[in-house]
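S.K.: Have a look at this one.
The values are calculated or read from the model by the stated rules, or taken from the named source; none is laboratory data. Keep in mind it's a predicted model, so treat the numbers as computed, not measured. Note that we place each Cβ from the backbone using ideal geometry, even for glycine, and neighbour counts take in every protein chain shown. Remember, those area values only see protein heavy atoms, side chains included, never the ligands or the DNA or RNA. Shrake-Rupley method; radii C 1.70, N 1.55, O 1.52, S 1.80 Å.
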Amino acid sequence: MNEVTLQLQGMHCASCANRVERVLNKISGIRNSSVNFAMETARIELESASLADVTDTLAKAGYLVRETHSQIAIAGMHCASCVTRIEEIIRKIPGVTSANVNFAVGSALVGHLSSLATAADIARAITDSGYEAKTIDAEASDKSKKHSNAEIEQPRNLMVMALSLSLPVFVIEMGGHAFPAFHHWLHSLFGQSAIWTFQFLLATLVLAIPGRKFFTSGIPALLRGAPDMNALVAIGTGAAWSFSTLSLFAPTLLPEGTRAVYFEAAAAIVTIILLGRWLEHRARARTGEAIKGLLDLQPRIASVKGEDGFKDTPIDELRVGDIVRVRPGERIAVDGKVIEGRADVVEAMITGEPMPVSKSAGDSLIGGTLNGNSALFMRATGVGKDMMLAQIVTMVRDAQTSKLPIQSLADKVVAYFVPAVLAVAAITIAAWLTFGPTPALGLALVAGVSVLIIACPCAMGLATPTSIMVSTGIGAESGLLFRKGDAIQRLAEASVVVFDKTGTLTVGSPRVTDVSVIKPYSNEDVLALVAAVETQSEHPIARAIETAAVEAGLTLPTAKDFQALPGRGVSARVGEHQVLLGTARHMSEEGLDLSMLDEARIRFGKLGHTLVHVAIDGQAAALIAVSDPIKRSSKATIEALHKAGIKTSLMTGDTEIAGRSVAAQIGIQSVMAEVLPGDKHASVRTLQRQHGVVAFVGDGINDAPALAAADIGIAMGSGTDVAIDAADLVLVSGDPMGVVKARHLSCATLRNIKQNLFWAFAYNTALIPVAAGILFPLTGQLLSPVLAATAMALSSIFVLGNALRLRGVKSELERYAV
């Protein structure tokens, strides 16, 4: 039995703690559980339940387990069966909650409780199982590039060596078959024994040097009972080489009439597979170009103010608070705020929006963006891992290592595929030896080796991750950050998109349009008291009221005992007055009479304004009307979704009248108004029961429960960190049209993955029988092991090439600009 303490997110009160405890107690395999609301922890005793079961169940209930996600670089993976084996190894480590291994990237994204398992522990367990694993430093971009180049150069060098050694063998043997005169000339010149000995020497060198990895990895894997691609190649080429060596040095051990050599097959198979790996590594490197491009955005040097003026300083030495000068045409080094100057900044590389953005004192700057034609002076607010650029790179890497639900079928097949291929190869050899024409041994060997070589599941392992790598890279370049790769599939399957109103469909910068007061209060009195309270709130409406008071030249008193009631309102003591602000529903719950504000409420409500009710000392005192302009692209976004057959809905804590007014202006089909933050989670669940897969788009702290509950949570990049953390997809620019772009990219990606999987499965299904010799009765020919190796290499290259076609989607996304 294991006792585990989980750190939880999403508990807002004691009732939440009780609910978490009830949820945990319903999980089979948990003996005891206790939840501490103050510490936000849950202590459980696991009998048979896995941590993954616990975290998934809690997430479905709206409570996220705080876990660490670590990237582990893995060397030594050669096919999709390696992926399945490594995932099994990782999931057995105590404290691991999830494991996704990406064959294309050569890494694993592991969710784990850092108190039970560290990234180093996980890497050590993988290494102990026969692979090479180490933790990834997200900032080591230069090391990453060198490693990437080495990954391409090593298979290229091995391939060149193998080609140089195997080419003479291939020319001698196959040239003799193609041109009998050439065969007779060689035999008359050197003799068969000398020619075979020469082939033996070169083929042995090919297997011993460039092909050594197949044996040093494949044979141990076979002995462990977990055969992989290397095992298939080692058995196939080893069998061809061994049979040929016997034919050369001990022919009497073989049945009469079966003496033949296949040195050219053993050498050519290794060469062709190494060629395929080299081409595969080159293509895989191209799928990761987006991350390399993002890393290249940050300059290495910045002009930083010191005691002796500005001087060029390495970017690693910058600290928060440093004053940085950005010259015209330079890239901005780190995140910060403008303190002097005015310039147009191109942010397209981060947000995907092509138009430059005007920046002046107080405006935020993003590291990696391009300054225009004027100098800017900025104060650094985010450096190193805290930069938006670094966070984007981390998000993209995490998404690229994620696994889509559609890949589960491939994983199940691959788990049994290699052992099944070994069995098929054994049956093939037995069938030829039993039923084949004399001499059957040579035919059995050719057919068995061909089956082993052609059936490698590389294409299956590459089918999904390569498409994800390309699409998430395109997304990052277009301001669409998929924080979780599986969101790509879920978004493509979404049947309804639910939008929050304020800050999502509206600009999120509301302004006070009207103030209606009840005597004896005046507009100035009410505005000063209300603004004093709102200075302690982070809501956009609070900023609007505070701005209105400042513009009116009012002096704001100090508020004390501030209290926020999410979705209802706020209260505080200002001087001798107790001030309460909020919705009509909240005022009614407090027993206040609002009848004297009915006329103003109806008048302002018809205009779709947001209404803030004001009570002073327990009596209704005023009604403040706030208007938030609708974003320019909101209407076009809704129209595009409807055209694609997607239903839309508006969910807001505002009044029914205000919600329906916005919905009518932009064409949204249904409205859920006056929804409290705690009820948004339940509202999303209701929509899921009615419509299936639901996407929720929001930007505020109060949207976090809905973002977590939805099948796809989409957060505006302009929103709060809490909302972004709860989301699966982040729209960096905060433009709702990003939802349409992301869905288009998701659909294209899912289509591409299905094409890859079809090819991978169809290829193996069709060619294994051909390799086994099913066409021999009709053609009198067996598939050459050399051609089998060529077909196997081409299948992986085809899948990679098809994934790279997704890069064309980027130009398609540009047509959605408004």
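S.K.: Return the tail of the calculated pair distribution for the chain, meaning the percent of Cα-Cα pairs more than 39 Å apart.
M.R.: 51
S.K.: Compute the relative contact order of region 589-671 as a whole-number percentage, counting only Cα pairs closer than 8 Å that sit 6 or more residues apart in sequence.
M.R.: Computed value for region 589-671: 28 percent relative contact order.
S.K.: Let me ask you something else. Could you tell me the accessible area of W759 in Å² (1.4 Å probe, neighbours in place), rounded to the nearest ten?
M.R.: Counting only protein heavy atoms, the figure is 90 Å².
S.K.: Moving on. Just the number, please: carbon plus sulfur as a percent of the accessible area of the chain, 1.4 Å probe, no ligands or DNA/RNA counted.
M.R.: 56
S.K.: For labels at R31 and I774 in the simple 7 Å Cα→Cβ model, what's the distance in nm?
M.R.: Between R31 and I774, the simple spin-label model gives 5.4 nm.
S.K.: Let me check against my output: what whole-number percent is the relative contact order of the chain, with C-alpha pairs under 8 Å and at least 6 apart?
M.R.: That works out to 12 percent.
S.K.: Express in nm, to one decimal, how much length is gained between I339 and K754 on full extension, taking 0.36 nm for each residue of separation and deducting their alpha carbon distance.
M.R.: Gain on stretching I339 to K754: 144.3 nm.
S.K.: In whole Å, how far is the Cα centre of region 459-483 from that of region 533-576?
M.R.: Cα centroid of region 459-483 versus Cα centroid of region 533-576: 45 Å apart.
S.K.: Whole number in Å², please: accessible area per residue of region 436-538, 1.4 Å probe, ligands, DNA and RNA not counted.
M.R.: I get 27 Å² per residue for region 436-538.
S.K.: Taking all protein chains together and a probe of 1.4 Å, list F417, F198, F182 from the most accessible to the least accessible.
M.R.: F198, F182, F417
S.K.: Right, something else. Compute the FRET efficiency between M174 and R224 as 1/(1 + (r/R0)^6), taking r as their Cβ-Cβ distance and R0 = 60 Å, and round to the nearest 0.05.
M.R.: 0.95
S.K.: Suppose the Debye formula is applied to equal point scatterers at every Cα of region 411-526; what is log10 I(q)/I(0) at q = 0.15, 0.17, 0.19, 0.21 Å⁻¹?
M.R.: With one equal scatterer per Cα and no solvent, log10 I(q)/I(0) is -0.88, -0.97, -1.07, -1.16.
S.K.: Determine the gain in length on full extension of the stretch E153-T5; use 0.36 nm per residue of separation and subtract their C-alpha separation, reporting nm with one decimal.
M.R.: 48.7 nm
S.K.: Enter the Cα centre distance for the pair region 794-818 and region 296-367, rounded to the nearest angstrom.
M.R.: About 33 Å separates the Cα centre of region 794-818 from the one of region 296-367.
S.K.: Okay, next question. Projected onto the charge dipole of the chain (+1 at Lys/Arg Cβ, -1 at Asp/Glu Cβ, origin at the Cα centre), which of V550, S478, V261 gives the Cα projection farthest towards the positive end?
M.R.: The Cα lying farthest towards the positive end belongs to V261.
S.K.: Considering Cα pairs under 8 angstrom that are at least six residues apart, work out the relative contact order of region 515-648 and quote it in whole percent.
M.R.: Worked out over region 515-648, it gives 22 percent.
S.K.: Label points 7 Å out from Cα along the Cβ direction at F435 and T547: separation in nm?
M.R.: Between F435 and T547, the label points sit 8.2 nm apart.
S.K.: Please give the FRET efficiency for H69 paired with E132, using the beta carbon to beta carbon distance and R0 = 30 Å, rounded to the nearest 0.05.
M.R.: E between H69 and E132, to the nearest 0.05, is 0.90.
S.K.: Set the Förster distance to 25 Å, then compute FRET efficiency between H184 and S242 from the Cβ-Cβ distance, nearest 0.05.
M.R.: Approximately 0.30, to the nearest 0.05.
S.K.: Would you check the accessible area of K385, probe 1.4 Å, heavy atoms only, in square angstrom rounded to 10?
M.R.: For K385, the solvent-accessible surface is approximately 140 Å².
S.K.: Calculate, in nm to one decimal, what T118 and C747 gain on full extension: separation in residues at 0.36 nm each, minus their alpha carbon distance.
M.R.: Going from the current span to full extension adds 222.8 nm.
S.K.: So, one more: Mind checking which helices in the chain clear 30 Å along their axis (Cα) and have mean Kyte-Doolittle hydropathy of -1.0 or more, DSSP H runs only?
M.R.: Those that pass (Cα extent of 30 Å or more, hydropathy at least -1.0) are 141-178, 263-287, 407-435, 737-772.
S.K.: Would you mind telling me the antiparallel percentage of the DSSP bridges in the chain, rounded to 5?
M.R.: Restricted to the chain, the bridges split so that about 80 percent are antiparallel.
S.K.: With the cut-off at 17 Å, report for region 530-583 the share of all Cα pairs above it, as a whole percent.
M.R.: 30
S.K.: Another question about this same structure. Suppose all protein chains stay in the model; what accessible area per residue would a 1.4 Å probe give for region 684-818, in Å²?
M.R.: On a per-residue basis, 38 Å².
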